[in-house]
1. Report, in order of residue number, the helices in chain B meeting two criteria: a C-alpha extent of 27 Å or more along the helix axis, and a mean Kyte-Doolittle hydropathy of at least 0.5; treat each whole DSSP H run as one helix.
2. Most mobile of A:GLY99, A:GLY148, A:GLY250 per a Gaussian network model of chain A (Cα springs, under 10 Å)?
3. Cut-off 10 angstrom, C-alpha nodes, Gaussian network model of chain B. Which of B:VAL80, B:VAL23, B:VAL141 fluctuates the most?
4. Between exposed trypsin sites (Lys or Arg not before Pro) in chain B, where DSSP calls loop and at most 12 other Cβ atoms lie within 10 Å, what's the longest gap?
5. Work through the residues other than A:VAL133 whose Cβ is under 15 Å from its Cβ and net out their charges, Lys, Arg +1 and Asp, Glu -1.
6. Order of B:CYS97, B:CYS19 from fewest to most other C-beta atoms within 10 Å?
7. Any chance you could get the radius of gyration and Dmax over the Cα atoms of the range A:153-288, in Å?
8. Output the DSSP H helices from chain A with an along-axis C-alpha extent of no less than 18 Å and a mean Kyte-Doolittle hydropathy no less than -0.5.
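Readers should treat all values here as calculations from the given coordinates under stated rules, not as data from a laboratory. Fair warning: this is a prediction, and the values are worked out from it, not measured in the lab. So basically every Cβ, Gly included, is an ideal-geometry build from the backbone, and we count neighbours across all protein chains shown.
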Amino acid sequence: MEEATRAAVAARARERAWRGLWVPLLFLLPATLLVSLFYLLPVATTLYLSFTDISTVTFRNPQWVGWENYRDLVRDPFLGRILGNTARYVSLTLAFNIGVGLLLALLTSHVPERAGNPVRALWLLPRILPPVVYVLIWQGLTRESPFGLVSNVVGVSRNWITAEPWTVIVLANGMVGASFGMLLFTSAIRSIPADLFYAAAVDGATAWQTVRRVILPLLRWPLLFATAYQTLSLLTSFEYILLLTDGGPGFYTTTVWSLHAYKLALSNYFGNVQFGMGAAMAAVLVVVGVVVSVLYLRLFNFKALVGEPKIEVN
Amino acid sequence: MPLLPVRWRWLVASGFLLCAPIVAGMAWLVLTALFDRVHGLVPAGPLAPENWAFVGSPSVGGRPPAVVALLNSVLFSFAVAAVAIVVASMAAYAISCLHFPGRSLYLAVVLVLHAFPAVSLLIAIFYILRVLGLFDTLVGVILVKTALELPLGIWLMKGFFDFLSWEMEMAALVDGMSRWGVFWKVALPMVRPGLLALGTFALLSAWGEFILPFTLIVSSRSWTLATYLQSFLTEAFTDFGMVAAVGLFYALPVLVLFGLGQRYLLNLYGGGVKG
């Protein structure tokens, strides 16, 4: 008798728990479906394809080849150049992004809002402008004389994208990315108590000393965050390089890792695209991406972000 | 608040210098689109309305009509924004206001994906769309772009739902409204600023999106303005007057939004939009 009641109670509790689960499941269903299909499945697919010989010819029937793509990758005589280009691209653009972002934040937060806001807004433009339009503007400004503004100002008639591809790539990418740091650092500077600045002024600190000894130490976390976040996104981004130089001029001059992977797998200039090889290069990025993003989560304090919901009725 | 003892002249000069390239770029785009020839930033020819002939032209060099690309772009961006808003809100509501096992794991995955650079998945996405038969369709690109917007969207909306006062929800539930009804009629109207923020983000991001349609769409009838404009950039002899006009035409909605709501956009991209 008692046994039966207990069983009934347990059954009812289970039923209620199930009914309680239904609602969240339905709410989560569309997002879960889309994220699984275009995030989680692609991660697995990238890894799987990187172990096959898939190409235009074998697209329907790829064969498992184990580590062969990776072995080929390591033996590629251009690997060194591509790695060098990637390091150059990431480090120079990052330096520009953080440096100019910091400079803009410092400048605009020490003038009245009316002057500071338009400057910040203007720097947001490269980021919200469609990338193709942005690159079109770069192409127009870097043309030969008498059309190109850069040629006219410098006094040397050149197509600057082919003459100085790296400078253009770093500047073009940097001007898009600088607003990220700028906005982050601006709000961080704003949250510094004014007392600190008055104290520094009373002690006779110069502008440089105030920046170096008061502001920068307090910006340690935003600086670290911007650096970490942008390193990862620069490592995998190739949109502006593709549009500006398409990896050239000449042979692999500005080809970075992610662009090379993309072109191996998806550009059909060579007729038979090496899909598996491209997937192997992408897989390296995917693994780096997953590891680094999980590290961020650890670093930037996950627990505090996940509070329990207050209401418990379904 | 002048926090630093800085010389004003120096400050103004550097501010001016820092903004000069962007102003010059925008001026170049507008001038080149309007005039026959532009040397640097100085018009060297008469006004050239013929730069804008592409708008009415049935086809420029074998391309689809610009109107088709425009309609595709509008369809693409609004579909992405609409689906992202609904799907992200539903998930964020569940994470924020409902209880289920694995909740914090779900949020952890969303956060990791938010930091994870999705471009590196492009090769696999290409393959998956081929397998699903969605390659070279606008629907396929819309689904992919929406999925890529979701981690940001869920994260953003969760922030808004977290600040929802639950007395209203509680009252509606006690009165016998279903969770679904509460979500649509009580919760969503209260997070309108969040919906606006996510909508703006998604619209801007989809409107500018280039790599996805460039990679996942082949047929020119499904081109968006991004691929339409890009097809001019790779030509051997670019007619910069016309291409600048196409570019300005494409960027115009963004520029109008920028002109009207720069304060809002600054808050938005600075992460300052709160419920």
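1. Details: long enough: B:8-34 (37 Å, 1.67); B:66-97 (45 Å, 2.18); B:138-162 (34 Å, 1.38); B:240-269 (35 Å, 1.48).
Those that clear 27 Å and a mean of 0.5 are B:8-34, B:66-97, B:138-162, B:240-269.
2. Of A:GLY99, A:GLY148, A:GLY250, the Gaussian network model singles out A:GLY250 as fluctuating most.
3. Fluctuation is largest for B:VAL23.
4. Values: sites that count: B:ARG7, B:LYS274.
After excluding every exposed loop site, the longest remaining stretch is B:8-273.
5. Values: positive: A:ARG127; negative: A:GLU239, B:GLU209.
In short, -1.
6. On the way: B:CYS97 24, B:CYS19 15.
In order of increasing Cβ crowding within 10 Å: B:CYS19, B:CYS97.
7. Values for the range A:153-288 (Cα only, Rg and Dmax): 21.4, 70 Å.
8. Working: long enough: A:2-35 (48 Å, 0.49); A:79-108 (42 Å, 1.27); A:113-128 (22 Å, -0.08); A:165-190 (37 Å, 1.27); A:220-236 (25 Å, 0.63); A:275-299 (35 Å, 2.19).
Helices passing the filter in chain A: A:2-35, A:79-108, A:113-128, A:165-190, A:220-236, A:275-299.
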